[in-house]
1. Running a GNM on the chain with Cα contacts under 10 Å, which residue among G95, G81, G42 ends up with the highest mean-square fluctuation?
2. Most mobile of S56, S41, S151 per a Gaussian network model of the chain (Cα springs, under 10 Å)?
3. How many lysine pairs are close in the chain, with Cα atoms under 23 Å apart and the two 8 or more places apart or on different chains?
4. For the stretch 69-127, which whole-number percentage of the solvent-accessible area (1.4 Å probe, protein heavy atoms only) is attributable to carbon and sulfur atoms?
5. Send over a whole-number figure in Å² for the accessible area per residue of the chain, probe 1.4 Å.
6. For the stretch 96-146, compute Rg over Rh where Rg is the Cα radius of gyration and Rh is the Kirkwood radius from the inverse mean 1/r over Cα pairs.
7. Quick check on the chain: helices-only [θ] at 222 nm, where DSSP H runs of length 4 and up contribute -39,500 (n - 2.57) each and the sum goes over total residues. Nearest 500, please.
8. Hey, any idea what the orientation-averaged projected area of the convex hull of the chain's Cα atoms comes to, in nm²?
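The values are calculated or read from the model by the stated rules, or taken from the named source; none is laboratory data. Predicted model, so just to flag it, every value in this text is computed and none were measured. All Cβ positions, glycine included, derive from the backbone under ideal geometry; neighbour counts span all protein chains shown. Accessible surface areas use protein heavy atoms only, side chains included; no ligands, DNA or RNA. Shrake-Rupley method; radii C 1.70, N 1.55, O 1.52, S 1.80 Å.
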Amino acid sequence: VSYKSAVSESTWTKLGGAINFINDLQYKHFEFGFIKAISSSGNPTYNVFTAPLVISDLEEFPTNAEIVGITFIHSTSGSSGTTELDIQWAASNSGTFASIFSTTPKVTSAAPSNAQFDTFGVATTPTGCTVPVLSKSTFSAGDVLLCRAVSLQSGTPNGFLMRIYWRPTN
């Protein structure tokens with residue numbers, strides 16, 4: 001940038017702003033959980049499993065990365081109990097998994113339909129929902145995540161989707 005050169009300063013300021021936007025606000029995401037099932041008859045539910053169980057394949061970070069936030073949608077609550085999901089991580093090829101949360105995300109049967117909450121602080125947390133607290137948010141290239149259902153509501157709960165937003169780091 002040439003000092004006091006209007007064209008040079010203006011051009012490079014715009015380029016710098018665009019690069020900062022990409023670095024700060026462009027995210028990738030992983031999705032975990034139970035996709036909402038829709039049926040023309042009956043009441044579809046994710047309560048056909050016995051918790052605890054792993055409900056995802058491994059998702060690998062292709063670069064060093066940081067989690068910047070997580071969003072949640074729980075479609076329909078069951079008749080009682082709590083659905084709790086946990087995201088666990090492992091270093092590349094270690095096979096030793098640990099939770100990324102100090103408080104896991106939970107939804108009780110008291111939650112409203114289409115309950116939406118997040119770690120960004122954008123959505124108001126609905127009744128019956130617990131926003132998770134991250135204890136680990138930075139990862140090395142090759143580290144992996146998986147999702148584990150810790151507990152499930154009884155009755156016919158349907159749809160609990162977790163979207164983890166992350167971005168590459170140096």
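1. Among G95, G81, G42, the largest GNM mean-square fluctuation belongs to G42.
2. Highest fluctuation of the listed residues: S41.
3. Details: K4/K14; K28/K36; K28/K136; K36/K106; K106/K136.
Close lysine pairs under the 23 Å cut-off: 5.
4. Heavy-atom surface of the stretch 69-127 belonging to carbon and sulfur, 1.4 Å probe: 49 percent.
5. Details: 9280 Å² over 170 residues.
On a per-residue basis, 55 Å².
6. Values: Rg = 13.4 Å, Rh = 12.7 Å.
Taking Rg over the Kirkwood Rh, I get 1.06.
7. My calculation for the chain gives -4000 deg cm²/dmol from helical runs alone.
8. Mean orientational projected area (the chain, Cα hull): 13.2 nm².
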